[in-house]
Amino acid sequence: MVTNYKLSLYPYYDLLIYEMGAGNGTLMLNILDYIRIEHPEVYQRTKFRIIEISSSLASLQAEQLKQSAYSRGHLDKVEIINKSIFDWDTYVSSPCFFLALEVFDNFAHDAIRYDIVTKEPLQTNVLIDGQGEYYEFFDRPLDPVASRYLKIRDIAARSDFPHPLSHRRTSGRPLLTPSGAELSAPEYIPTRLMEFFSVLHSYFPAHRLLCSDFHGLAATVEGVNAPLVQTRFRRRTVAASTPLVLQGFFDVLFPTDFGVAEDVYRAITGKLTRVSRHADFLERWAEPEETTVRSGENVMAAWYKNASVMITV
């Protein structure tokens with residue numbers, strides 16, 4: 001961010017950084033500490049804004065700023081905005097960097113099944129009865145959000161992508177509905193991610209996105225772009241075989257198809273992007289000794305082989 005800021009924005013604009021879903025605020029502190037030490041002239045022009053949906057995490061982030069005597073100097077640099085990015089209604093005309101690290105895997109997805117004969121997509125809905133049992137039923141046509149996503153993807157996609165109707169790519173048996181229609185395995189489409197890109201386009205037109213997430217996950221449920229559903233039981237992680245689980249007791253994590261995400265982002269924002277694997281990104285931007293532990297292992301490169309990074313160029 002500092003390199004790109006110095007190349008194109010300094011000294012005409014401040015270095016304005018937004019972070020969505022900042023956890024306990026550690027990354028925010030690390031970034032500000034680094035800029036203050038290595039680039040003091042940029043630090044004077046730096047502003048950091050966190051957009052945090054969780055009130056408890058927003059409070060924790062504020063406490064992080066106050067607790068450390070060293071970090072307390074950042075107080076006038078940071079603003080914590082306790083709201084959902086999907087409720088954002090403020091136009092930001094200034095150039096800015098937007099961080100979204102391990103956020104996309106928590107975004108809601110819609111499940112789509114396709115009629116094997118007609119190829120028509122049907123939207124999966126879930127009914128919970130009085131006893132708490134879950135039942136799937138399927139609607140046609142799709143709601144406007146899911147329909148918009150499929151239209152954008154079908155127009156914008158530059159490369160082949162997995163599809164439930166590509167039998168060579170999809171395992172599992174089709175579903176036979178009471179009406180007699182034979183449906184494909186589910187495809188989980190990132191409709192919330194599309195809406196996030198729309199927020200960036202509408203309210204942050206001069207942004208540069210820097211995002212990272214998992215492009216692949218193990219032990220996922222059946223389907224294309226299917227999530228990992230897991231919980232903790234007796235200090236062990238237990239994976240579930242279905243996303244139809246008791247709410248609040250399970251983590252649901254979705255992989256990100258960065259090839260498709262890049263196409264959809266470009267179509268909505270009109271901006272160019274670059275996608276790289278996590279290790280490749282670190283090789284370019286980090287010194288090896290910065291990510292290597294005493295044993296000699298480069299943990300940041302070795303432990304995140306299933307992660308990718310996408311940036312606006």
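Each value in this text was obtained by applying a stated rule to the coordinates, not by laboratory testing. No experiment lies behind these values; they were computed from the predicted model shown. Note that we place each Cβ from the backbone using ideal geometry, even for glycine, and neighbour counts take in every protein chain shown.
A simple packing score, the average count of other Cβ atoms within 10 Å per residue, orders the peptides 200-210, 123-133 as 200-210, 123-133, with the highest score first.
Taking a threshold of 22 Å on the Cα-Cα distance, which of the pairs Lys6/Lys66; Lys151/Lys271; Lys47/Lys305; Lys119/Lys271 fall above it? The pairs that break the limit, which is 22 Å between Cα atoms, are Lys6/Lys66; Lys47/Lys305; Lys119/Lys271.
Just checking the listed ones, Ile189, Ile112, Ile37: in the Gaussian network model of the chain with Cα springs under 10 Å, the one fluctuating most is Ile37. Summary of packing: across the peptides 143-156, 264-277, 20-33, the per-residue average of other C-beta atoms within 10 Å ranks them, highest first, as 20-33, 264-277, 143-156. The C-alpha atoms of the chain define a longest principal axis, and helix 144-156 lies at about 80 degrees to it. The length gained on full extension between Asp280 and Glu297, counted as 0.36 nm times the residue separation minus their Cα-Cα distance, comes to 4.5 nm.
To the nearest ten degrees, helix 258-269 and the longest principal axis of the Cα atoms of the chain are 70 degrees apart. Sorted from greatest to least, the principal axis extents spanned by the alpha carbons of the chain come out as 68, 48, 41 Å.
Please determine, in degrees from 0 to 90 and to the nearest 10, the orientation of helix 26-38 with respect to the longest principal axis defined by the Cα atoms of the chain, where the helix direction is its Cα long axis. Helix 26-38 sits roughly 30 degrees off the main axis of the chain. If you restrict to DSSP beta bridges whose two residues both lie in the chain, what percentage is antiparallel, to the nearest 5? Of all bridge pairs located within the chain, approximately 60 percent are antiparallel. For the pair Arg234 and Asp139, the difference between a 0.36 nm per residue extended length and the Cα-Cα distance amounts to 30.3 nm.
For the chain, what does the helix formula give at 222 nm: sum of -39500 (n - 2.57) over DSSP H segments with n ≥ 4, over the residue count, nearest 500 deg cm²/dmol?
Taken over the chain, the calculation gives -8000 deg cm²/dmol.
For the chain, the relative contact order comes to 16 percent (Cα pairs under 8 Å, sequence separation of at least 6).
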